[in-house]
Amino acid sequence: MTVSRPRAGRVLFGFALVIAWAGQMHLMLRVGKGPIASESLLGALAGPAGVTFLSVAFLSSLAAFVLKFREATAGLCAFGVLWLAAAVEASLFTVSQAIHHNKLLPVGCLAGYLLGLLVTQNLEEHQREQVAWHAACGVAGAIYAISAYSKLDQSGASWFQARTLGLLIGERQDAMVEVFSLVRRYVVARPALCSGLAVFAVFVEMLGVVFVDPRFRRPYALLTVGLHLGILALLGYFYPAWMVMMPVLAFLPPADEPRPAAGGVPSVGEPQGGEQPT
Amino acid sequence: MATPRAAVLAFLLYYLGSALLGEAFPFSRFSMYAGAGRRTEGATFAVLADGKPVRLRSLTRFSALEGSFEDPKRPTSLGHAVEEARGYVLGHRASDAEPPGPVRVEIGYRRIAWTDEGLQVGDEVTSLRCRAWNKP
């Protein structure tokens with residue numbers, strides 16, 4: 001079993017997962033042991049000792065995954081710890097069991113990647129990584145598309161009315177960051193702008209389907225970064241892991257062929273420039 | 001370049017899985033505020049320390065709690081913030097032997113509505129009063 005020097009895309013793929021993990025652990029420590037967590041096993045894992053234990057398990061598994069040391073096993077271990085942490089996090093909330101969304105795009109991409117690895121065991125290593133990377137991109141695109149579906153399914157055309165986004169922003173207009181308050185009050189005072197932004201957001205999310213095609217990944221990734229900056233300014237939801245993962249998937253894919261190492265022996269896992277959109 | 005089959009299959013798998021299963025990690029419909037289109041009213045969530053807005057996490061060792069964290073009478077998209085505040089306050093209570101802190105804390109809501117004239121801001125409703133200490 002060898003460990004190869006990871007290419008930049010793999011490292012940053014892991015970095016996006018670390019960002020998501022850090023956000024989740026911060027949330028768990030910030031909320032503390034709520035009334036539901038109490039004395040249960042999940043409650044024990046919600047405290048500082050549990051967070052430390054989970055973090056060591058996750059980060060060591062993730063490092064092995066990034067370094068391709070027993071890649072699939074390490075990735076599955078990292079995913080298992082993420083699943084456990086999500087259960088702990090959900091136990092902290094008494095009404096909404098919704099799991100903090102910041103981690104879901106990187107975790108979904110990891111799940112897609114692992115699935116791609118597991119179903120391509122008869123291929124060469126660099127081909128397996130390519131298939132896995134494409135699968136991760138497919139999941140990322142689906143996450144945006146399902147977000148649009150949810151809005152249209154639950155709100156229908158009323159999602160595009162000014163009052164929908166107006167109320168959402170209005171509930172957050174007293175932000176602790178003054179510039180955000182100013183932006184939010186400016187937008188709320190302009191109903192046509194509220195409607196236009198609601199249409200734009202759903203349109204961008206529906207376009208998630210284009211992320212399956214490598215030719216459209218780069219422009220779409222940039223579009224999503226802009227979307228998230230707007231969401232941060234107007235609604236206060238900051239998803240840094242998404243803002244890292246989308247450009248990484250689009251701009252740093254695995255190379256088409258393994259680069260020959262010194263002596264002409266192919267060395268899998270080293271950068272070769274990546275595939276270019278045509 | 002042909003569209004990679006793996007990307008299409010993963011897209012379909014995650015999309016259909018989320019649509020059918022809902023919130024089943026790692027699947028999700030990312031609903032969050034997706035149902036907000038039905039609302040005409042809402043509520044802000046506010047924490048006041050001695051009458052001034054503050055971050056709840058700047059306070060600690062809460063005591064003498066009066067009232068509850070109950071949701072406002074109108075729907076709000078800030079339920080997660082209320083839940084987080086509840087967990088924080090209950091997880092950072094003062095010991096029974098400790099005297100009440102010097103800071104007067106009010107946690108509550110301000111009602112808002114959307115009318116033909118745009119956003120209207122209504123009364124403030126305090127749902128929980130307590131005492132706390134500023135974090136050092």
TODO: Would you calculate the separation in nanometres between label points at A:F251 and A:L232, each defined as 7 Å from the Cα along the Cα-to-beta-carbon direction?
DONE: 1.5
- [ ] Round to the nearest 0.05 the FRET efficiency obtained for A:A63 and A:L222 when R0 = 25 Å and r is the Cβ-Cβ distance.
- [x] 0.30
- [ ] Could you tell me which helices of chain A pass both thresholds, a Cα extent of 20 Å or more along their own axis and a mean Kyte-Doolittle hydropathy of at least -0.5, with helices taken as whole DSSP H runs?
- [x] A:8-31, A:48-66, A:71-91, A:104-118, A:125-155, A:191-206, A:214-235
Task: Rounded tilt (10° steps) of B:79-91 against the dominant C-alpha axis of chain B - done: 50
- [ ] Using only Cα atoms, locate the centre of segment B:84-101 and the centre of segment B:41-80, then give the distance between them in Å, rounded to an integer.
- [x] 14
Task: Using a Förster distance of 35 Å, the FRET efficiency for A:L118-A:V199 (Cβ separation, nearest 0.05) - done: 0.30
TODO: Quick one: order A:I143, B:I107 by neighbouring beta-carbon count within 10 Å, fewest to most.
DONE: B:I107, A:I143
TODO: Can you tell me the 0 to 90 degree angle between the C-alpha axis of helix B:5-21 and the longest principal axis of chain B, rounded to 10?
DONE: 50
Task: 10 Å Cβ neighbours from other chains, averaged over peptide B:87-95 - done: 4
Task: Ranking of B:D96, A:D153 by count of other Cβ atoms within 10 Å, fewest first - done: B:D96, A:D153
TODO: Report the local net charge at B:A19: Lys and Arg +1, Asp and Glu -1, summed over other residues whose C-beta lies under 15 Å from its C-beta.
DONE: -1
- [ ] Give the calculated FRET efficiency between B:E66 and A:R30 to the nearest 0.05, with a Förster radius of 22 Å applied to their Cβ-Cβ distance.
- [x] 0.35
TODO: Quick one: among A:V212, A:V107, A:V119, which has the greatest mean-square fluctuation in a GNM of chain A with alpha-carbon springs under 10 angstrom?
DONE: A:V119
TODO: Can you put A:Y113, A:Y149, A:Y237 in order of Cβ neighbours within 10 angstrom, beginning with the fewest?
DONE: A:Y237, A:Y149, A:Y113
Task: Pairs of Lys in the protein assembly as shown closer than 21 Å at Cα, counting only those 8 or more apart or on different chains - done: 4
Open item on the list: Rounded, prolate or oblate for the protein assembly as shown? Axes are the square roots of the Cα gyration tensor eigenvalues, ordered a ≥ b ≥ c, and the cut-off for rounded is a/c under 1.5.
Closed with: oblate
Task: Other protein chain Cβ atoms within 10 Å, averaged over every residue that makes up A:157-168 - done: 6
- [ ] Report the residue, chosen from A:L223, A:L59, A:L193, that carries the largest GNM mean-square fluctuation when chain A is represented by alpha-carbon nodes joined by springs under 10 Å.
- [x] A:L193
TODO: At 7 Å along the Cα-to-beta-carbon direction for both B:E98 and A:L182, put a label point, then send me their distance in nm to one decimal.
DONE: 3.8
Task: Highest-MSF residue in chain B out of B:T115, B:T40, B:T76 [GNM, Cα springs under 10 Å] - done: B:T115
TODO: Please check chain B for the longest run free of GluC sites (Glu not before Pro) that are loop-located per DSSP (anything but H, G, I, E, B) and have at most 12 other Cβ atoms within 10 Å.
DONE: B:1-69
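Read the figures in this text as sums done on the coordinates, not as results from a lab. All of these numbers come straight from a predicted model, not from anything done at the bench. Glycine also receives a Cβ, built like all others from the backbone with ideal geometry; neighbour counts cover every protein chain displayed.
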